[in-house]
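Scroll down for the structure; my scribbles are underneath it.
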Amino acid sequence: MTTNQWIQLIVCLGVLVALAIPLGLYIAKVFNGTSFWGEKWLGWLERFFYRLGGINPQEEMDWKTYALAMVLFSFIGGILLYLQMRLQAFLPLNPDHQLAVPRAVSFNTMVSFVTNTNFQFYSGETTLSYLSQMALTVQNFISPAVGIAILMALIRGFVRKESKHLGNFWVDVIRSLVYILLPLSVIFSGILIWQGCPQTFRGSQKVQLVSPLIYNQPVTVQGRNTTQPMTIIHQSIALGPVASQEAIKMLGTNGGGYFNTNSAHPFENPTPLTDLLELLAILIIPVALCFTFGSLVNDMRQGWTVFAAMFILLVPMIYCCIHFEQVGNPLLNRIVTGSTKQNPEGNMVGKEVRFGVTDSSLWASFTTASSNGSVNAMLDSFTPMGGLVPMWLMMLGEVSFGGIGSGLYGMIVFIILTVFIAGLMVGRTPEYLGKKIQAFEMKMTSIVILIPPLLVLMTTAISVICGGQGVLNPGAHGFSEILYAFTSMTNNNGSAFAGLSGTTLYNLMGGIAMWMGRFGIAIPVLAMAGSLVQKKNIPESTGTLPTHTPLFVFILVAIVIIVGALAFIPALALGPIVEQLKMIAMTMH
């Protein structure tokens, strides 16, 4: 990496942490019952939602009621979203007269946005009406709010003692929306509009081309196939309420694109300033929640410990991605420079010249370390090892820093596994934050850790057995495209390696994988919280394992990596690793 690249990386990470710490402390105030400035300005909106939904904010729930409310809320929202896409041709705000979305695509998209995945087997500007895009934006708010609610329930499981109540699901969701997601999104969307992001209900605009395009159109004349010259002098430019969706897309770790080219499109990401701000928006709430966690458990050392582990997992991956993309493809370097030595521009294939190698690699790492899934470059065009980095970050379980709420409660599950292993090593009953970790917690931990790799490997294997239908590239790269797609969907990331057609098989299997990847983990986490909240607090003793030391961070990071390696290294060896070796072998000829 060059000095300039190091400066970009350090500045971006430094600004991110500097903004995340005060935001994390603010989020803690939203949920710890103390007064804060946001209530003065937005308290009326919170009370309005309570009256509208007939909610008693003082009424609390046990874990089963909390989980049932979460699943039903998500299911009903998904049904409404599915109907919206199927009926969009008959509904308003459809100036471009989009037809109904196909059933399989509607199902996949519905599950995708409900689960905070936002994987897309469609092009937004040619498939969805403005009303459908806005319906997706509603889910962009709701799904991260659900993630925060689950995290808050788990934290209460540690903080409270000898109780059965984990809070009120509806209150947690509404407070997440009113005091965190809505204000940030309004501010950010205003900045995006200022920088050139469209926000309009006008239909597509027809403009005249600067230089007409002439091409030969195949035609049949008197039974003979021939061609005739055609001239295109106009282009249709898609518009719509882009800025409002873009803001929550980034802040809610949603991903998905209003346009097919996602954040590489100048209407979604107009300037270098928006590129930096959107990068920061991807991770700012997941990073902030680390400090929220420390504040709510009354031990900021725990928050810093979680942050340190996530940070250590992320930074080396960013370096590797930038390095391999800067080195580039030696076969293409031979074409560009006449030798296999490094091309000074790096691997610019599939990248926006506005952003270049560094910002594109940084974005790819940020978006897969979180569950954001947006892209500002074509991941399918990355070098084999450069493409392995975002895949590996998802395979770690989306815990560095992961999605809003889901990343942190996923890392807490790994912490519980770590203290259990450490407890076995010293012959003590493991404990964390004053709560004993016993058989039930370990059963739930096992479920949470095993479900993602099981789903990824099973769906990938089924796709390969079915002949790899819809794969546009042969060999190892085609396998990487399948593996990446199901890794992204199962871990609720949503980014795409591309090169994979949205067949009915992929839509249906992907929808199931996304649903299980979200709720197959969230429900065991809530069950674990329900068990922890009933226990007494155990005072620290000389035999208590410190969970805030550098040694504990090292063990935690090692366990996260080992679990990911044991599950996925064989699959990676069939995809990007063998592709890298083949590229090296071809270079030597």
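The values are calculated or read from the model by the stated rules, or taken from the named source; none is laboratory data. Just so we're clear, the structure is a prediction, and the values are computed from it rather than from any experiment. Cβ sites come from the backbone with ideal geometry, for glycine too, and all protein chains shown count toward neighbours.
General observations
- Candidate set: the range 300-328, residues that are out of contact with any helix residue (DSSP H, G or I) (no Cβ under 7 Å at 6 or more places or on another chain) and either over 21 Å from Gly402 (Cβ atoms) or buried (at least 24 other Cβ atoms within 10 Å of the Cβ) (or both); chosen: the one modelled with the highest pLDDT: His323
- The range 87-99, subset assigned to a loop (DSSP other than H, G, I, E, B) and touching a Leu at 6+ places or on another chain (Cβ under 7 Å), residue farthest from Ile237 (Cα to Cα): Leu91
- Of all residue pairs spaced 6 or more apart or on separate chains, those with beta-carbon atoms under 6 Å, a first member in the range 304-332 that is of a type in the set (Phe, Trp, Tyr) and a second member that is at pLDDT 95 or above are Phe307/Cys290.
- Failed criterion for Pro183 (all others in (1) farther than 20 Å from Phe49 by Cβ; (2) assigned by TED's automatic domain parsing to the domain that holds Asn537; (3) not β-branched (Val, Ile, Thr) hold): (1)
- Any hit, the range 63-86, residues being in a loop (DSSP other than H, G, I, E, B) and either in contact with an Asp or Glu (Cβ under 9 Å, 6 or more places away or on another chain) or polar (S, T, N, Q) (or both): no
- Taking the range 102-159 as the region of interest, the helices (runs of 4 or more DSSP H) fully inside it that hold 2 or more residues being under 14 Å from the mean Cα position of the chain (by Cα) are 103-114, 130-159.
- Against the test of being under 13 Å from Leu154 (Cα atoms), surrounded by 17 or more Cβ atoms within 10 Å (Cβ to Cβ) and in the same structural domain as Leu545 (by TED's automatic domain parsing), the options Gly397, Gly410, Gly423 yield a single qualifying residue, Gly410.
- Number of the condition not met by Met586 [criteria: (1) crowded, with 20+ Cβ neighbours inside 10 Å; (2) out of contact with any Lys or Arg (no Cβ under 8 Å at 6 or more places or on another chain)]: (1)
- Count of residues meeting criterion [outside any helix (DSSP H, G or I) and closer than 30 Å to Asn347 by Cα] in the range 1-33: 2
- Close pairs (7 angstrom Cβ cut-off, 6 or more residues apart or separate chains): in the same structural domain as Ile412 (by TED's automatic domain parsing) in the range 152-173, among the polar types (S, T, N, Q) anywhere: Lys161/Asn537; Glu162/Gln534; Ser163/Gln534; Lys164/Gln534
- Unique residue being more than 30 Å from Arg103 (Cβ to Cβ), in contact (Cβ under 8 Å) with a residue 24 or more places away in the chain and out of contact with any Lys or Arg (no Cβ under 7 Å at 6 or more places or on another chain) when the list is Ile577, Ile569, Ile521: Ile577
- Test: residue in the range 419-432 that is among the aliphatic types (A, V, I, L, M) and within 30 Å of Gly502 (Cα to Cα): no
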